[in-house]
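I am attaching a structure below and will ask some questions about it afterwards.
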Amino acid sequence: MGHEFGNRTQMLHVISYSLSPFEQRALPHYFTKGIPNVLRRTQEPFLGIMPPFIAFYLIYTWGTQEFKRSKGKNPAAYENDR
């Protein structure tokens, strides 16, 4: 048992690389490349996604207004009740 805990097996022709945590950067190019990339990706499908949402909104508002109008009483039908 002459090997230490991490060196139990010996593998040939395997190369492993590691980088110290002190040499890593947590958010490389986050502000210079990340945010512009997000903006570009959200602007590209805008014309394909927004028209159905606008159409749905217009149909929904028209439907709710029509529903409220149909549920209300007609004041002209009650003019001569006094």
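Looking at the range 18-37, which of its residues are among the aliphatic types (A, V, I, L, M) and surrounded by 10 or more Cβ atoms within 10 Å (Cβ to Cβ)?
Listed by number, the list holds a single entry, ILE35.
Among the numbered conditions (1) out of contact with any helix residue (DSSP H, G or I) (no Cβ under 9 Å at 6 or more places or on another chain); (2) part of a loop (DSSP other than H, G, I, E, B), tell me where LEU27 comes up short.
(1)
Here is a yes/no grid of residues against (1) part of a helix (DSSP H, G or I); (2) more than 28 Å from the chain's Cα centre (by Cα); (3) modelled with pLDDT under 80:
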position	(1), (2), (3)
MET1	no, yes, yes
SER16	no, yes, yes
LEU47	yes, no, no
PRO51	yes, no, no
GLU66	yes, yes, no
ALA77	yes, yes, no
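The values are calculated or read from the model by the stated rules, or taken from the named source; none is laboratory data. Note that the structure is a prediction, hence the values are computed from the model and not measured. Don't worry about glycine lacking a Cβ; one is built from the backbone with ideal geometry, like all the others, and counts go over all protein chains shown.
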